[in-house]
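Encoded as structure tokens, the structure appears first; notes follow it.
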Amino acid sequence: MIIEKIAFNKDDQKIHEYYYDSAREGMFDLLNSMKNDNLIDTLFLPGYIGWSPREGSGIFDPINRLEGLSVQYYKMTPDLNIDLNDLSQRIEDIGKSKFAVLAVNYFGFIDLRIKEVADTVKKKSGLLIEDNAHGFFTYQYTEENHSDATFFSLHKMFPFKNGGSLIVKNSKLKSLKYSGKSMTDVEYNPWKYDVKYIAKLRKENYEVLDNIIHNEEVSEYFTPLKDCLLPGNIPQTYPVCIKKGNRDKIYELMNEAGFGVVSLYHTLIEPLRNSEYQTSIELSKCIMNLPVHQDVNKDKYKDMIKLLVKYCEETSA
């Protein structure tokens, strides 16, 4: 047959997916396997990585467990996109080192220049790993994906106590051994939920909140971190930058009032607490994330924004 009647190749487009108790376990398993197989000796991380006394750092903790791996940090722009000029120069500076770049899709938003990033990495024979801890739904509904592997934090997207997963796409990476389990061996299976409908709800919630924010006089108090929601992006939260008031106190007051806001990456890891990463430091001091998850009551959004403005004003003294 020149063209078969139906698809017949059992391995063609097969998903190589592994499940873990957390995204950081999947991340460690991937990078450790890559290092042990001598595929990388240098890892580039974004210059915006958070840490907290209670939870540690989802990105940095797995890296800390790896021995014999050189780590470098590239700069980020004020709206959390990759500073491609800085990353390109750092890749150029390491010469013929075997390297990988970790790109983080913060809050479910794909980097605006991710294709250029991928082209830059591949041109130097590097590997591109995407951190989709916030981007499970974005990964499903984005037409193009440029990564060699990606991992997800399932408990951040679904009502699970824990759960993470890893998808490996690059043929070299597929041949490595991983400790992750199959879907049939874990309780935190995301596909028992209506993924398409949840993504729709999250996008709708974001758009309703975005419309309220842009139609209220709030720019004196806070501004959206992202200009718009691009096709395929399904947000994890609605990130804003507090311009007036005490962010930490506002966080406490909002939660006490029953509005579950968070401040993701409010404290940076120690290697980034210096003037070279001043842009990231300034963002970490003002960022706040508003809820857009599938269980949000959209009718309460106007009340939430009014209260946020009130607390920005009250704590500004």
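The values are calculated or read from the model by the stated rules, or taken from the named source; none is laboratory data. This is a predicted model, so every value here is computed, not measured. Using ideal geometry, Cβ is built from the backbone for each residue, glycine included, and neighbour counts are taken over all protein chains shown. Remember, those area values only see protein heavy atoms, side chains included, never the ligands or the DNA or RNA. Shrake-Rupley method; radii C 1.70, N 1.55, O 1.52, S 1.80 Å.
Could you tell me whether any residue of region 38-55 is free of Cβ contacts under 8 Å to residues at least 60 places away in the same chain and among the small types (Gly, Ala, Ser)?
So in region 38-55, the residues free of Cβ contacts under 8 Å to residues at least 60 places away in the same chain come out as 41-46, 53-55.
Add one more test, that the residue is among the small types (Gly, Ala, Ser), and what stays is none.
Within region 38-55, none of the residues are free of Cβ contacts under 8 Å to residues at least 60 places away in the same chain and among the small types (Gly, Ala, Ser).
If the condition is being of a type outside the set (Ser, Thr, Tyr) and surrounded by fewer than 19 Cβ atoms within 10 Å (Cβ to Cβ), then region 267-286 contributes Glu270, Pro271, Arg273, Asn274, Glu276, Gln278, Ile281, Glu282, Lys285, Cys286.
Here are Phe99, Phe44: which of them is buried (at least 17 other Cβ atoms within 10 Å of the Cβ), within 23 Å of Gly26 (Cβ to Cβ) and more than 16 Å from the chain's Cα centre (by Cα)? Working first, answer last.
Values: Phe44 fails: more than 16 Å from the chain's Cα centre (by Cα).
Phe99 is the lone residue from the list that is buried (at least 17 other Cβ atoms within 10 Å of the Cβ), within 23 Å of Gly26 (Cβ to Cβ) and more than 16 Å from the chain's Cα centre (by Cα).
Listed by first and then second residue, the pairs with beta-carbon distance under 8 Å, at least 6 apart or on different chains, first residue in region 287-311 and surrounded by fewer than 20 Cβ atoms within 10 Å (Cβ to Cβ), second of a type in the set (Lys, Arg), are His293/Arg202; Gln294/Arg202. Per the listing Val195, Val218, Val208, the residue uniquely modelled with pLDDT of 95 or more, open to solvent by 30 Å² or more (accessible area, probe 1.4 Å), among the hydrophobic types (A, V, I, L, M, F, W, C) and in contact with a helix residue (DSSP H, G or I) (Cβ under 8 Å, 6 or more places away or on another chain) is Val208.
From the list Leu209, Leu166, which one is under 30 Å from Asp12 (Cα atoms) and under 22 Å from the mean Cα position of the chain (by Cα)?
On the way: Leu209 fails: under 30 Å from Asp12 (Cα atoms).
Unique residue meeting the criteria: Leu166.
What about Asn38, is it touching a Leu at 6+ places or on another chain (Cβ under 9 Å), open to solvent by 20 Å² or more (accessible area, probe 1.4 Å) and not charged (D, E, K, R)?
The answer is no for Asn38.
Only one entry in Phe160, Phe152 is free of Cβ contacts under 8 Å to residues at least 40 places away in the same chain, closer than 18 Å to Glu25 by Cα and hydrophobic (A, V, I, L, M, F, W, C), namely Phe160. Evaluated against (1) free of Cβ contacts under 8 Å to residues at least 24 places away in the same chain; (2) open to solvent by less than 50 Å² (accessible area, probe 1.4 Å), Ala317 falls short on exactly one condition, (2).
Set side by side, the residues Thr142, Thr184, Thr120 differ, and just one is without any contact (Cβ under 8 Å) to a residue 24 or more places away in the chain, farther than 18 Å from Lys35 by Cβ, open to solvent by 30 Å² or more (accessible area, probe 1.4 Å) and β-branched (Val, Ile, Thr), which is Thr184. Selection of region 219-238 for residues being touching an Asp or Glu at 6+ places or on another chain (Cβ under 9 Å) and outside any loop (DSSP other than H, G, I, E, B) yields Pro224, Tyr238. None of Phe28, Phe60 is under 30 Å from Arg202 (Cβ atoms), surrounded by 19 or more Cβ atoms within 10 Å (Cβ to Cβ) and touching a Pro at 6+ places or on another chain (Cβ under 7 Å) except Phe28.
Taking Lys243, is it touching an Asp or Glu at 6+ places or on another chain (Cβ under 9 Å), among the charged types (D, E, K, R), in contact (Cβ under 8 Å) with a residue 12 or more places away in the chain and open to solvent by 70 Å² or more (accessible area, probe 1.4 Å)?
Details: touching an Asp or Glu at 6+ places or on another chain (Cβ under 9 Å): yes; among the charged types (D, E, K, R): yes; in contact (Cβ under 8 Å) with a residue 12 or more places away in the chain: yes; open to solvent by 70 Å² or more (accessible area, probe 1.4 Å): yes.
Criteria met by Lys243.
Every condition in (1) in a strand (DSSP E or B); (2) crowded, with 16+ Cβ neighbours inside 10 Å holds for Phe160 except the one numbered (1).
Report those strands (runs of 3 or more DSSP E) wholly inside region 45-147 carrying at least 1 residues which are farther than 18 Å from Glu270 by Cα. So that I can check it myself, show each step before the final result.
Details: elements: 70-74, 99-104, 127-132.
Output list reads 99-104, 127-132.
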